[in-house]
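Data first, discussion second: the structure below is written as structure tokens.
The values are calculated or read from the model by the stated rules, or taken from the named source; none is laboratory data. Remember, predicted model here, so these are calculated numbers, not experimental data. Virtual Cβ from ideal backbone geometry, glycine too; neighbours counted across all protein chains shown.
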Amino acid sequence: MRFVVLLLPAWAGLAQEISLVQVATGISQPTDIQADGSGRLFFVQQNGVIRLFKNGAIIPSPFLDIRSRTQSSGECGLLGLAFPPGFAEKQYFYVNYTEPGCRLSVVARYRVSSDSDSADPASEERILTQSQPFANHNGGQLAFGPDGYLYIGFGDGGSGGDPQNNGQGKRTWLGKMLRIDTESDLNRYRVPDTNPFVRDDPWLPEIWSYGLRNPWRYSFDRETGDLWIGDVGQNRAEEVSFQPASSRGGENYGWRLMEGLQCYSPSPNCDQTGLTLPLIEYTRQRGDVSVTGGFVYRGSRFPALRGTYLYADYATGRMWGITWTGGGVQNRLLLESRRNISTFGQDENGELYVGDHGGGGIYRIESTNTPRLSISSLVNPASREPGAVAGSLATIFVTGAKDSPGVVQATQLPLPTTLDGVSATVNGRTAPLQVLANVDGAEYINLQIPFETTGPAASVSVRRGTVTSPEVTVQLFPVQPGIFANANGEAILVRVRDISLVSAALPLKRDELYCLYATGLGAVDHPPVSGDVASWIEPLARARANISIAIGGVPCEVQYAGLAPGLAGIYQVTIRTAAGIGAGPKDLVLSANGAQSRPVRVIVE
Ligand SMILES: [Ca+2]
């Protein structure tokens, strides 16, 4: 997957989108903040103590004290904590620490004692250990993925420049993200059969992805399952890497071939084939030194932050937010906190916290913005091309219109002009709404561009309660044909004879009647009122434009082109397939007054 990266200028001093509200003090060198789902928070101290925050206060006695097994220095000590799925019943958890002297990393399970606010320091069961050639770059994070497996990020072993080339090594866990199954068998971990290198000698089977330098903090988006990795850089650039939830593992994040977006070794002319480059990088020019990866905000208290990935630099305390915009990302400065932000944490409600390593404070992140409502793009829902056509359905991608995941669909005709308190106007006229959705972190509205819309452009704004988004203006086309296709890019074609859907199993036949569905065919005879559907009987709402269809370059007879009966803002084209169409996958192209749609695929018998 490739993304266009739009880096916005991040002016110092101007950014103040968030504030830090202190919730606890006196935490010695916090390295992790975790929640177990009970309302409690667990503050991990680098010296080997886990402090428990309950009912708004720190419990005086520690939740866990393993100071006899570890020692804080530099990047060494107690570094990570993870609660497995089902912790409330299991009553055990996992920690990641280095032994005194920092030559061994230990991932171990500990059990809660009969007092649920206290764990038994003698209950350690080691899951795995990793020898450390150098004292730095020990990783430290533990995180259970949405698949229930434990993800363990190890740094490259340390020193500088990865002298052992561990990041690219196949026989070491150093410089890797591991994925193991700790829960199926408590006596020994298992390697999931779906790990990418499980049958690929000489790779170690635990390896999930590689080419990492020091993935100090990483997190799964609790809503989408995407994995965000803050990977600490060498001398030039800090990086945030992104692994979509659909990943099957095996990513090579590039270290030490590359540091961020530039070749490192060899430099220049490193081989970038197959590398997954960071989503963003930032350089050290302004005193930034070490990235601390955070979380995608999925809480409910601050709608303006929803869907934003927050991260920070440890040295300067600068905090940024990454948001998706259409096909790319925006990275913006949120706050100059001037704190040594060593870790983020997320509670069960999705609210976020940070730990100040130097100052010992734990802070809740709050948004200082009123809810933000904005439109990132307006596209033809069939072709995904930007632009609008009067009478057609359009999709606008928005932020701040729907906080929680789900789809709200209009249940009446004519379509309503409000869904869940959200409305939209096009050139000042309220638009009929079909869908308001928040799916996989993307918010969008399907609306009909009113038939009455005229002019060279359509200016659209969205309103929610008392908040109105800035206007977005796109070109208004007389026609902009687009064909509805499925997720594989195949045209949605219905065989009229038996109302069956064309598919690889039921390919298109010649000399048969088919319907396809389209947008952007423009003005029609006898239009219904905006938001309503056309009549099934004469007089039909035929398209006024000259409509033609070609499959594999062979023109087909168009029997009807006009509004689709029963569907607001959607057109139907009924064709008789030509006898001369060749067999196999073919491009289907729809033309309106000579303007051609993007081709969609169809399988011909
Ligand atoms: Ca090390």
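Within region 359-370, work out how many residues are at pLDDT below 95 and surrounded by fewer than 19 Cβ atoms within 10 Å (Cβ to Cβ). Don't jump to the end; show me each part of the working.
Of region 359-370, the ones at pLDDT below 95 are 366-370.
Filter again for surrounded by fewer than 19 Cβ atoms within 10 Å (Cβ to Cβ), leaving 366, 368-370.
Total satisfying the criteria: 4.
Comparison of ALA437, ALA458 shows that the only residue that is touching a Leu at 6+ places or on another chain (Cβ under 7 Å) and either assigned to a strand (DSSP E or B) or modelled with pLDDT of 95 or more (or both) is ALA458.
Report yes if GLN164 is modelled with pLDDT of 95 or more, part of a loop (DSSP other than H, G, I, E, B) and away from the ligand (no atom under 16 Å from the Cβ), otherwise no.
On the way: modelled with pLDDT of 95 or more: yes; part of a loop (DSSP other than H, G, I, E, B): yes; away from the ligand (no atom under 16 Å from the Cβ): no.
Here the answer is no, as GLN164 does not meet what is asked.
Return the residue satisfying two criteria in turn: it lies in region 168-211 and is within 16 Å of the ligand (Cβ to nearest atom) and small (Gly, Ala, Ser), and of such residues it is farthest from the chain's Cα centre (by Cα). The selected residue is GLY169. So is ARG429 at positive phi and outside the structural domain of TRP216 (by TED's automatic domain parsing) or not? In short, no.
For region 179-205, the set of residues classified as under 13 Å from GLY250 (Cβ atoms) and surrounded by 21 or more Cβ atoms within 10 Å (Cβ to Cβ) consists of ARG179, ASN195, listed by residue number. If you go through region 208-232 and keep only what is part of a loop (DSSP other than H, G, I, E, B), buried (at least 24 other Cβ atoms within 10 Å of the Cβ) and out of contact with any Phe, Trp or Tyr (no Cβ under 6 Å at 6 or more places or on another chain), you end up with ASN214, PRO215, TRP216.
For the structure I just gave you, tell me whether VAL426 is among the aliphatic types (A, V, I, L, M), in contact with a Ser or Thr (Cβ under 7 Å, 6 or more places away or on another chain) and modelled with pLDDT of 90 or more. Considered against the rule, which asks whether it is among the aliphatic types (A, V, I, L, M), in contact with a Ser or Thr (Cβ under 7 Å, 6 or more places away or on another chain) and modelled with pLDDT of 90 or more, VAL426 comes out as yes. Pick from region 111-132 the residues that are within 16 Å of the ligand (Cβ to nearest atom) and assigned to a strand (DSSP E or B): which of them is surrounded by the fewest Cβ atoms within 10 Å (Cβ to Cβ)? Within region 111-132, the match that is surrounded by the fewest Cβ atoms within 10 Å (Cβ to Cβ) is SER131. Among all positions in region 517-535, there is no residue which is at positive phi, within 42 Å of the chain's Cα centre (by Cα) and not in a loop (DSSP other than H, G, I, E, B). The residues of region 45-82 that are within 17 Å of CYS102 (Cβ to Cβ), part of a strand (DSSP E or B) and in contact with a strand residue (DSSP E or B) (Cβ under 7 Å, 6 or more places away or on another chain), listed by number, are GLN45, CYS76, LEU78, LEU79, GLY80. When the criteria are applied in full, PHE42 fails the requirement of being touching a helix residue (DSSP H, G or I) at 6+ places or on another chain (Cβ under 9 Å), without any contact (Cβ under 8 Å) to a residue 60 or more places away in the chain and either in a strand (DSSP E or B) or buried (at least 18 other Cβ atoms within 10 Å of the Cβ) (or both). Within region 487-506, residues that are assigned by TED's automatic domain parsing to the domain that holds SER597 and loosely packed, with under 12 Cβ neighbours inside 10 Å sit with their Cβ atoms under 8 Å from residues that are in a loop (DSSP other than H, G, I, E, B) and not hydrophobic (A, V, I, L, M, F, W, C), at 6+ positions apart or across chains, in these pairs: ARG497/GLU512.
Here's the yes/no breakdown for (1) surrounded by fewer than 21 Cβ atoms within 10 Å (Cβ to Cβ); (2) more than 16 Å from the ligand (Cβ to nearest atom):
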| site | (1), (2) |
| --- | --- |
| LYS54 | yes, yes |
| ARG67 | yes, yes |
| GLY77 | no, no |
| PHE87 | yes, yes |
| LYS90 | yes, yes |
| PHE93 | no, yes |
| TYR97 | no, no |
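Counting the residues of region 99-110 that are in contact with a Lys or Arg (Cβ under 8 Å, 6 or more places away or on another chain) and buried (at least 21 other Cβ atoms within 10 Å of the Cβ) gives 1. Counting just the residues of region 241-264 that are within 13 Å of the chain's Cα centre (by Cα) and not in a loop (DSSP other than H, G, I, E, B), which one comes out surrounded by the most Cβ atoms within 10 Å (Cβ to Cβ)? The selected residue is SER241.
A quick yes/no check of all residues on (1) closer than 16 Å to LEU493 by Cα; (2) surrounded by 14 or more Cβ atoms within 10 Å (Cβ to Cβ):
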residue	(1), (2)
GLY569	no, yes
THR574	yes, yes
ALA583	no, no
LYS586	yes, yes
ASN593	no, yes
VAL602	yes, yes
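Tally the residues that are at negative phi and away from the ligand (no atom under 14 Å from the Cβ), restricting the search to region 133-150.
Of the residues in region 133-150, 9 are at negative phi and away from the ligand (no atom under 14 Å from the Cβ).
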